[in-house]
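For reference, the structure is listed below as structure tokens.
The values are calculated or read from the model by the stated rules, or taken from the named source; none is laboratory data. From a predicted model like this one, the values you see are computed outputs, not experimental measurements. Virtual Cβ from ideal backbone geometry, glycine too; neighbours counted across all protein chains shown. With ligands, DNA and RNA removed, areas are computed over all heavy atoms of the protein, side chains included. Shrake-Rupley method; radii C 1.70, N 1.55, O 1.52, S 1.80 Å.
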Amino acid sequence: MFVSGITVWRITVWRITKAEHYNPPLMTKAATEPYRPHDFESRWQAFWQREGLDHTPEPPRRKQYLMEMFAYPSGDIHMGHFRNYTMGDVVARFARMRGFDVLHPFGWDAFGLPAENAAIKHGIHPAEWTAKNIEVSRATLRRMGLSYDWDREVVTCRADYYKFTQWMFLLLHERGLAYRARAAVNWCPVDQTVLANEHVVNGCCWRHPDVPVEKRELEQWFFRITAYAERLLADLDKLDQWPESTVKMQRNWLGRSEGAEIDFAVPAWATASGHGEGLTVFTTRPDTLWGATFLTIAPEHPKTLELASEDRRAEVEAYVAKARKKSDIERSDLTRQKDGVFTGAYAINPVTHDPIPIWVADYVLGGYGTGAIMGVPAHDQRDFEFARTYDLPLKVVVQPPEGTLDPETMTEAYPGFGTMVSSPPFDGTPAPDGIAEVIAWLAKQRVGRRKVQFRLRDWLISRQRYWGCPIPMIHCPACGIVPVPREQLPVELPENVESFIPTGRSPLEDVAEFIETTCPKCSGPARRDPDTMDTFVDSSWYHLRYLDPHNEREPFAPERAAEWLPIDLYIGGDEHATGHLLYFRFFTKVLFDAGWVAVDEPATRLVHQGMVADSKGEIMSKNKGNVVAPGELFDRDGVDVPRLAMLFFAPSDAEILWSDGGIEGVRRFVHRFWETMLSTIADPRFAASAGATVDAAVLSSGAREAWRLAHRAIERTTQSIERDLAFNTAIALFMEWVNAARRVGDAGDWSDADYPSLAASARLLAATIAPLAPHLGEELWQRTGGEGSVFRSPFPAVDAAALRKETVEVPVQVNGKLRSRVYLAPDASKDEMEQAALADEKVREILAGQAPRRVVVVPGRLVNVVM
Ligand code: ANZ
Ligand code: ZN
């Protein structure tokens, strides 16, 4: 007899088949004890801590390095963090149950601009502001019971961390990968300050919305990431477990183009200065060289002003000043009206020997190629528009396979391939082949060479800012730029600075006790570099510090790296596709070359979690005032209900619409699951059923279906973790199981023959739900008599026999005569039965292509086809 629970259910409440239609029952004493997560969630968290469950086993035997992007501490954590970290936690807990030695760490990306802004606005020191936010956020994360190894927490603004960020800088410097050069920075002419990119809004200063931002040239530090462009591109092929979209974005960002550099002579007579020199252009279409009727140089090209003739200088200068105010994005806009000015100078086309005018125009970017192009108006659309505007000549040098181009009547450029014409000695050469031939020929004449060009730029890493990692370099009047010796690291960030307000020079410049030092080489007086590093430098190597966070001598021991790398799964937002995710690949390659790590790619598998939006589909943000605070959710429902909701609302990479209604559905499910489990456990037969084997074949059909669904839930949970992180489908199966189990209970008591399958399901599902809802899983695991922590026990295995869907034999008659049998699920719909019967081989033979007049279906019993 199945007494307590299910009996009560039957008389009190529920005839519900779907989770959505369920109304929560009034809890009575006679029913099971209500689900009260606040009673046990913190208890289990303390238990896990005592048990050292999240502690990283060292050295690992079968390792899994699981990592989520660390957090920027700008307040409390938000729903996006909650989602990201929940997903990672599911995988980490599952991996432990699967017997892996798991490294699952957490840390804080703690330097950066917002801390300074808060300092400016509220007068709090950035260190204090940051520490406070970390404390608040960490408390929320701990409350969530996330299984991080907190002993390995890293904080990038602490000297024990940034000491090694400086170490990394020195490594890059030693390897010729850190250098200084002049570069343009954003400049607000009102405040006379440098602006970070984030503070340029619509091309204007964030403080002065109608003051356009200018560009200023300053000496800056760069990392030579372009030296790794080829490898960063080629190795994208190894990243077969990264989202395709991200790989593609990196490929475009790296932007490899094959072409040629071609030298144009600028004869002395053709320039104002009277100095003859040359201009080099980069082109992907050297086969069109014969059609180059002008040259265009970028306004910021170093020769622009030098080339300008006396009478044109003022105009050129004005144009250059105007272009300085435009962003590259604006300048590259294809739909924009192209303008420019003639410099007054001419160059010689090296193959036609014609003098052609040199123009300056801002659609040519200073930072790409050579900053100069040959204008081929017949075959390049931008050049075409430019030539039409300024009445420059068009020369057709490629004829398309069909038709003939006429320069007089063309309305757009023909950028395609075809046959080279008017290009002696190449007339008649098919154009794609022509490219290589022309390059070889130009090379022989020493006026050109093959050139592979990347769109990727070197990484400007210096910031004239306070709240960042100081650059470990010293400027000595005698010795030049001298690195700080490693044993003198860290170069500590001084606490007291006069003002955080940016002035175009670093606030550190005015801190005498920081800036004044002695030269490590000559011991003479010298000055420290006053700049700090881009925070993306901090985050380029944090995954390595996690491996060995207490190491005081080295950033990490190479043995630790050999044990744990690569990261098996990295979860974080796709907004980092061409920033952080490229930088940390770059660092990995540098460290690989330097012999510190044995892998040249940091992460095997990458997953981007989708955004969290409100119920109307608006992305949650402080500005919109539609944020939900995770802490408030936990106050109301505990952790596991919102956690399951987060996992249930959408597959991992899709956007979530967070709504109270949605949580309500999940809350109901958890209550029903809880009650089903508890009443199962409360049955006197439960204890006796421990260890009993279940034979699916002898179960009644309802029990068999419940047993099947329990195993489907195990199967799908496993798959969702290993394959796609689409936990929503796994949770749906738990819901189905609850429904199926209750249907049996509603229809009559669980028989003695069926009961062991219910008891076994309860034991299995307590463990299966544990990675998804860890507190609930642990609680139920203990109540089902599980030993030790559920996370130390193996994740349930699927019983293949249980998965087989029960079938019934359905006789098929044609005109009332038995002709065949089909095998169907007992709950097959009328339609399914009819279709199965009509698809049957023998029936089709008899019908011989004729449509039946009528099909009579007796659900679950019989199909009769009437001809
Ligand atoms: C002549 C030509 C003829 C071009 C033709 C194209 C078609 P990607 O693929 O992006 O590398 N270019 C070169 N440097 C530039 C710069 N700094 N700013 C703007 N445009 C620049 O494109 C290379 C092509 O973009 C080059 O080939 C050049 O125009 C232009 F029928 O040269 B081409
Ligand atoms: Zn010196």
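Filtering segment 106-141 to residues that are charged (D, E, K, R) and either open to solvent by less than 10 Å² (accessible area, probe 1.4 Å) or more than 24 Å from the chain's Cα centre (by Cα) (or both) leaves GLU116, LYS121, GLU128, LYS132, GLU135. What pairs can you find where one residue is in segment 522-539 and within 17 Å of ALA110 (Cα to Cα) and hydroxyl-bearing (Ser, Thr, Tyr), the other is modelled with pLDDT of 95 or more and within 16 Å of ligand 2 (Cβ to nearest atom), and their Cβ atoms are less than 7 Å apart, with a gap of 6+ or different chains? Correct list of pairs: empty, since none qualify. Out of the residues in segment 483-500 that are farther than 14 Å from TYR162 by Cβ and open to solvent by less than 40 Å² (accessible area, probe 1.4 Å), which is nearest to ligand 2 (Cβ to nearest atom)? In this case the residue turns out to be PRO485. For ARG723, indicate whether it is farther than 30 Å from ASP89 by Cα and at pLDDT below 95. It is false that ARG723 is farther than 30 Å from ASP89 by Cα and at pLDDT below 95. Restricting TRP167, TRP129, TRP206 to residues that are touching a residue at least 24 places away in the same chain (Cβ under 8 Å), of a type in the set (A, V, I, L, M, F, W, C), touching a helix residue (DSSP H, G or I) at 6+ places or on another chain (Cβ under 8 Å) and more than 30 Å from HIS775 (Cα to Cα) narrows the list to TRP167.
In segment 209-219, is there at least one residue being crowded, with 22+ Cβ neighbours inside 10 Å and not in a strand (DSSP E or B)? Working first, answer last.
First, the residues of segment 209-219 that are crowded, with 22+ Cβ neighbours inside 10 Å: 213.
Applying the additional criterion that residues be not in a strand (DSSP E or B) yields 213.
Yes, because at least one residue in segment 209-219 is crowded, with 22+ Cβ neighbours inside 10 Å and not in a strand (DSSP E or B).
Looking at ALA740, ALA825, ALA773, which is the one that is touching an Asp or Glu at 6+ places or on another chain (Cβ under 8 Å) and buried (at least 23 other Cβ atoms within 10 Å of the Cβ)? Break it down stepwise before answering.
Working: ALA740 fails: buried (at least 23 other Cβ atoms within 10 Å of the Cβ); ALA825 fails: buried (at least 23 other Cβ atoms within 10 Å of the Cβ).
Testing whether each residue is touching an Asp or Glu at 6+ places or on another chain (Cβ under 8 Å) and buried (at least 23 other Cβ atoms within 10 Å of the Cβ) leaves just ALA773.
Before we move on, is ILE515 surrounded by fewer than 19 Cβ atoms within 10 Å (Cβ to Cβ), touching a residue at least 60 places away in the same chain (Cβ under 8 Å) and within 16 Å of ligand 2 (Cβ to nearest atom)?
On the way: surrounded by fewer than 19 Cβ atoms within 10 Å (Cβ to Cβ): yes; touching a residue at least 60 places away in the same chain (Cβ under 8 Å): no; within 16 Å of ligand 2 (Cβ to nearest atom): yes.
Answer is no for this residue.
For segment 394-421, a tally of residues being touching a helix residue (DSSP H, G or I) at 6+ places or on another chain (Cβ under 7 Å) and open to solvent by 20 Å² or more (accessible area, probe 1.4 Å) returns 6.
The requirement of being of a type in the set (Lys, Arg), modelled with pLDDT of 95 or more and either within 16 Å of ligand 2 (Cβ to nearest atom) or buried (at least 16 other Cβ atoms within 10 Å of the Cβ) (or both) is not satisfied by LYS444.
Here's a check for you: in segment 501-512, which residue that is open to solvent by less than 20 Å² (accessible area, probe 1.4 Å) and within 36 Å of the chain's Cα centre (by Cα) is nearest to ligand 1 (Cβ to nearest atom)? Don't jump to the end; show me each part of the working.
Narrowing segment 501-512 to residues open to solvent by less than 20 Å² (accessible area, probe 1.4 Å): 502, 504, 506-508, 511.
Cutting the leftovers down to within 36 Å of the chain's Cα centre (by Cα) gives us 502, 504, 506-508.
Working: PRO502: 30, GLY504: 28, SER506: 31, PRO507: 35, LEU508: 35 Å.
Going through the qualifying residues, I end up with GLY504.
If you go through segment 459-482 and keep only what is closer than 28 Å to ALA115 by Cα, surrounded by 19 or more Cβ atoms within 10 Å (Cβ to Cβ) and of a type outside the set (Phe, Trp, Tyr), you end up with ILE461, SER462, ARG463, GLN464, ARG465, GLY468, CYS469, PRO470, ILE471, PRO472, MET473, ILE474.
For THR578, the criteria (1) touching a helix residue (DSSP H, G or I) at 6+ places or on another chain (Cβ under 8 Å); (2) open to solvent by less than 20 Å² (accessible area, probe 1.4 Å) hold in every case but one, which is (2). TRP441 - would you say it is away from ligand 1 (no atom under 16 Å from the Cβ) and under 30 Å from ASP380 (Cβ atoms)? For TRP441, the condition - away from ligand 1 (no atom under 16 Å from the Cβ) and under 30 Å from ASP380 (Cβ atoms) - is met.
Among the residues of segment 743-762, write down those that are among the hydrophobic types (A, V, I, L, M, F, W, C), outside any helix (DSSP H, G or I) and open to solvent by 10 Å² or more (accessible area, probe 1.4 Å). Of everything in segment 743-762, just one residue is among the hydrophobic types (A, V, I, L, M, F, W, C), outside any helix (DSSP H, G or I) and open to solvent by 10 Å² or more (accessible area, probe 1.4 Å), namely ALA753.
On the given criteria, is PRO350 near ligand 1 (Cβ under 10 Å from one of its atoms), in a loop (DSSP other than H, G, I, E, B), open to solvent by less than 40 Å² (accessible area, probe 1.4 Å) and in contact with a Leu (Cβ under 8 Å, 6 or more places away or on another chain)?
Details: near ligand 1 (Cβ under 10 Å from one of its atoms): no; in a loop (DSSP other than H, G, I, E, B): yes; open to solvent by less than 40 Å² (accessible area, probe 1.4 Å): yes; in contact with a Leu (Cβ under 8 Å, 6 or more places away or on another chain): yes.
Criteria not met by PRO350.
Here is a check on your reading of the model: is GLY416 near ligand 1 (Cβ under 10 Å from one of its atoms), assigned by TED's automatic domain parsing to the domain that holds PRO302 and within 20 Å of LEU295 (Cβ to Cβ)?
Against the criterion (near ligand 1 (Cβ under 10 Å from one of its atoms), assigned by TED's automatic domain parsing to the domain that holds PRO302 and within 20 Å of LEU295 (Cβ to Cβ)), GLY416 does not qualify.
Would you confirm whether any residue within segment 413-428 is touching a Leu at 6+ places or on another chain (Cβ under 7 Å), within 30 Å of VAL316 (Cβ to Cβ) and either among the small types (Gly, Ala, Ser) or without any contact (Cβ under 8 Å) to a residue 60 or more places away in the chain (or both)? Within segment 413-428 (the criterion being touching a Leu at 6+ places or on another chain (Cβ under 7 Å), within 30 Å of VAL316 (Cβ to Cβ) and either among the small types (Gly, Ala, Ser) or without any contact (Cβ under 8 Å) to a residue 60 or more places away in the chain (or both)), the answer is no, since none of the residues qualifies.
I'd like the residue in segment 531-548 that is of a type outside the set (Phe, Trp, Tyr) and open to solvent by 20 Å² or more (accessible area, probe 1.4 Å) and, out of all such residues, is farthest from ligand 2 (Cβ to nearest atom).
Just the residues of segment 531-548 that are of a type outside the set (Phe, Trp, Tyr), to begin with: 531-535, 537-540, 543-545, 547-548.
With open to solvent by 20 Å² or more (accessible area, probe 1.4 Å) added as a condition, the list becomes 535, 548.
Values: THR535: 30, ASP548: 34 Å.
Ranking the candidates gives ASP548 first.
In the set ALA387, ALA361, only one residue is touching a residue at least 40 places away in the same chain (Cβ under 8 Å), open to solvent by less than 30 Å² (accessible area, probe 1.4 Å), under 39 Å from the mean Cα position of the chain (by Cα) and more than 8 Å from ligand 1 (Cβ to nearest atom); that residue is ALA361.
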